[in-house]
Amino acid sequence: MKLATIRTADGATRAVRVEGETLVDLGFADVGELLAQPDWAGHATRAQGSAVESAGYAPVVPRPGKIICVGLNYRNHILEMGRELPEYPTLFAKYAEALIGADDEIRLPPESGQVDWEAELAVVIGKTVRRAGEDEAAEAIAGFAVLNDVTMRDWQYRSAMWLQGKTWEGSTPFGPYLVTPDELPGGTRPSLTLTGSVDGEVVQRADTSDLVFDPVALVRYVSTIITLNPGDVIASGTPGGVGHARKPARYLAEGNVLTTEITGLGRSEAKTVAESAA
């Protein structure tokens, strides 16, 4: 099952079930509101709402309560960055203001000259969990979506704490839609090809099976620290091929089209635009 939050012509948003070219209205304002329902999966499956017209995709979950991001979680990216495999996940946060729809414009802030790409698999939570065991963690995963953790490297490395480079407003494409685990090879531990491209040139390619900490392990670990609620998001990390690690380094410029695609989860195509400081 594919679920999305779409924008409508009147400026509102709606949660929909995606059936090919048909978008079935599920009766909720967005996917986050849908996931807050105890039987969200049953409702989404059974709903026979009217078909609606889309004015574009909003972020899959427009305002997650939490966005937990994982750094250095693909084996090839860890080696690319000259580090050893971690014993524990490296965690940081992102805020909802950073999220944009799959095909929205990415804002390049005038304060940064080192805007980098990071194609990622996003894990969306569908059930409240705390200190989840293996089975409970798997059951808490509503599904997966495409995300790109666009990063301002010059701000990220101003200090040892990454947050200030990771949550710039209007920077993070999320979507187009959520796909439930039953539709994916590997289920809650999916094996999917992830690809990132800039202006049609492939710059990142990996299989999500290369994750050091897979989605179930991440839900277990994060839920040990804090309760995970429906609609919360875990961005599971990026593989090798980021611009900052290239020799010479390469960054996004105005007018680039950043494409992020994961087999079975669709693709995001976001064009970069210069943001005014005014």
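The values are calculated or read from the model by the stated rules, or taken from the named source; none is laboratory data. Given the structure is predicted, the values throughout are model-derived calculations rather than measurements. Every residue, glycine as well, gets a Cβ built from its backbone with ideal geometry; the counts of neighbours run over all protein chains shown. All accessible areas refer to the heavy atoms of the entire protein, side chains included, with ligands and DNA or RNA removed. Shrake-Rupley method; radii C 1.70, N 1.55, O 1.52, S 1.80 Å.
Structure notes:
- The label-point distance for residue 271 and residue 45, in a model that sets each label 7 Å from Cα toward Cβ, rounds to 4.1 nm.
- Legend: residues 45, 13, sorted from most to least accessible area (1.4 Å probe; ligands, DNA and RNA excluded), read 45, 13.
- Shape annotation for the chain: C-alpha extents along the principal axes are 54, 43, 31 Å, from largest to smallest.
- Within the accessible area of region 116-235 (1.4 Å probe), percent carbon and sulfur: 50
- The order of 276, 171 by accessible area, most exposed first and with a 1.4 Å probe, is 276, 171.
- Taking every DSSP beta bridge that has both ends in the chain, the antiparallel portion is near 85%.
- Restricting the calculation to Cα atoms, region 55-127 yields a radius of gyration followed by a Dmax of 14.8, 45 Å.
- Alpha-carbon centroids, region 118-153 and region 1-76: separation in whole Å: 15
- Gain in span if fully extended, residue 95 to residue 250, counting 0.36 nm per residue against the direct Cα distance: 53.2 nm
- Placed amide H near residue 74: partners under 5 Å, 5+ positions off or other chain: 212, 238
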